[in-house]
Every structure is written in C-alpha cells, then in structure tokens.
Amino acid sequence: MINLTIANITYVDMTLIILLLVCCYTDLRSKKIYNAVLLPAVLVAFIASLTNGGWSACLVSVKGLLAGMALLLIPFAAGGIGAGDVKLLGTIGAFKGPEFVLMAFLTGAVVGGIFSVYLLIRQGRLLLTLKKFYYFFISKVLHIPVSVSFGHLDVATRGESFPYALAISLGAAWAYFLL
C-alpha cells in the first residue's frame, strides 16, 4: 500500500513536480519544452545532489542526466520526438538518478503507447498501422518476401500527434510510486 503524504515529499521532489507541470503546460500549449526551464532545473538538481550527498551524489546526478538523454537519443535521431523531450528525460535523471530515469522511461513508453493507440483508434488507422507492422515483421525480420507495399511510414500531421512531455511526466509519476 502506498503511504504518500506531503511530509514524505522533499523539496527536490517538489521542484521536479513543478518542472514537469511547467513542461507539460508549455508542450501542450506551444509544442515546445524550453531550455530556459530545463537548464536551471539541471543546475538545481546538481546543487541539491552536491549539498545533500557530496560529490558521489553529484556523480549519480550526472549519470542520471546522461542516462536519461541516452535513452531517447535513437527516437530523437529517427525524428520521433523532439530535443526538448530528450532534455526533459535527462533532467529527470539529474534529479532522481539513473535507476529512476530508466523506470520513468519504461513507464513513459507504456503511457506513450496507450496515447498512440488511442489516437490511431480515433483516426480510424489502427488496423492499417497493425498491418504495416505485421508485414514489416514478416519481410524484414523473418526475411519472407511480401508483395504488399505500404510505402513509407506516415509522418504525423498537426492534430495527429501528442506532446510527449505528458507521457514522460506521467511515466515519472508512475515510476515515483513504483520505486
């Protein structure tokens, strides 16, 4: 059973919660996560780590930052997410460390998958997308020639995507309760 009270939440956790709320708001409103919000937050995370646990805690914070950014590097390079999302996950890692950021990444991916399935259902494209994945798996993974061609994967247009800061933030909240 989860026993969460305000007394259990540290100032570091409150700072992270405020950061996530601000980033969700800006991503929902303008599809941007601002460096002017993330950079000071990373500095606060490093200073808090240094003052609470010394250089070893600060090193954990740096590892969390790098781990968080590394986890989203491939999706960013593939054009699936923006640079702000990468930096946001890194900032979460700076606050909470590499183990937490890995859990936040995994739970955020589940949340993002649920959002994606919802959008595909709403757009009436779930079955077509599942067929594309099926034929891709048959032809590329199992090396069975397939005569069906769907062309390239579609790029989401305005209104077809969602701000991933929401999935990352919900994933971090979920991870907070799991760890």
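The values are calculated or read from the model by the stated rules, or taken from the named source; none is laboratory data. For clarity, every value in this text was computed on a predicted model and none was experimentally measured. Here the Cβ is made from the backbone with ideal geometry for all residues, glycine too, and neighbour counts use every protein chain on show.
Mind listing just one residue for me: the one in the stretch 126-144 that is assigned to a loop (DSSP other than H, G, I, E, B) and modelled with pLDDT of 80 or more and, of those, farthest from Ala78 (Cα to Cα)? Before the answer, list the steps.
The initial filter retains those residues of the stretch 126-144 that are assigned to a loop (DSSP other than H, G, I, E, B), namely 142-144.
Among the residues that remain, those that are also modelled with pLDDT of 80 or more are: 142, 144.
Values: Leu142: 23, Ile144: 25 Å.
Only one residue tops the list, namely Ile144.
Check whether at least one residue in the stretch 94-107 is modelled with pLDDT of 95 or more and over 20 Å from Leu179 (Cβ atoms), and report yes or no.
Within the stretch 94-107, the subset modelled with pLDDT of 95 or more is 94-107.
Filter again for over 20 Å from Leu179 (Cβ atoms), leaving none.
There is no residue in the stretch 94-107 that is modelled with pLDDT of 95 or more and over 20 Å from Leu179 (Cβ atoms).
Of all the residues that make up the stretch 71-87, how many are assigned to a loop (DSSP other than H, G, I, E, B), among the aliphatic types (A, V, I, L, M) and crowded, with 16+ Cβ neighbours inside 10 Å?
Let us first name the residues in the stretch 71-87 that are assigned to a loop (DSSP other than H, G, I, E, B), namely 72, 78-82.
Applying the additional criterion that residues be among the aliphatic types (A, V, I, L, M) yields 72, 78, 81.
Subsequent filtering for residues that are crowded, with 16+ Cβ neighbours inside 10 Å retains 72, 81.
Total meeting the criteria: 2.
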Is there a residue being closer than 14 Å to Gly171 by Cβ and modelled with pLDDT under 95 anywhere in the stretch 60-80? yes
Quick check: anything in the stretch 26-39 surrounded by 16 or more Cβ atoms within 10 Å (Cβ to Cβ), in contact (Cβ under 8 Å) with a residue 24 or more places away in the chain, touching a Leu at 6+ places or on another chain (Cβ under 8 Å) and not aliphatic (A, V, I, L, M)? yes
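Just a yes or no: is a residue in the stretch 93-110 on the phi > 0 side of the Ramachandran plot and surrounded by fewer than 19 Cβ atoms within 10 Å (Cβ to Cβ)? Working first, answer last.
Applying the first criterion (on the phi > 0 side of the Ramachandran plot) to the stretch 93-110 yields 97.
Next cut, surrounded by fewer than 19 Cβ atoms within 10 Å (Cβ to Cβ) only: none.
No.
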Residues of the stretch 157-179 that turn out to be modelled with pLDDT under 80 and loosely packed, with under 13 Cβ neighbours inside 10 Å, as a count: 3
For the subset of the stretch 88-125 comprising residues that are assigned to a helix (DSSP H, G or I) and among the basic types (Lys, Arg), which member is nearest to Met14 (Cα to Cα)? Lys96
